[in-house]
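In what follows, a single structure is set out as structure tokens and then discussed.
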């Protein structure tokens, strides 16, 4: 049996987020799953982030208390067919 050595369990979460990349306009993408240390983004098209690229993501809309959601920094750790895995980093 294969062991999953993840530090944080993945949760299936599908929400719209804004994807920010240096030198490019923000774009709307969907999440597929989320964990305490990263997120899997569904990214269609040829302009997908590349391995090692630093990006920022923010949930679209306001939080439950009306506040703007935080801008979260990350690094692309895996690129697949229409999916990009991002590990959260401290900035």
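For this structure, a couple of remarks:
- Failed condition for residue 34, given (1) surrounded by 15 or more Cβ atoms within 10 Å (Cβ to Cβ); (2) closer than 20 Å to residue 22 by Cα: (2)
- Criterion applied to 77, 17 was being part of a strand (DSSP E or B), crowded, with 17+ Cβ neighbours inside 10 Å and at pLDDT 95 or above, and the one residue passing it is 17.
- Residue match in the range 50-67 (condition: surrounded by 10 or more Cβ atoms within 10 Å (Cβ to Cβ), part of a strand (DSSP E or B) and free of Cβ contacts under 8 Å to residues at least 12 places away in the same chain): no
- Residue, nearest to residue 49 (Cα to Cα), within the range 68-81, restricted to residues that are in contact (Cβ under 8 Å) with a residue 12 or more places away in the chain and in contact with a strand residue (DSSP E or B) (Cβ under 6 Å, 6 or more places away or on another chain): 76
The values are calculated or read from the model by the stated rules, or taken from the named source; none is laboratory data. Being a predicted model, the structure only gives us computed values, none of them experimental. Cβ sites come from the backbone with ideal geometry, for glycine too, and all protein chains shown count toward neighbours.
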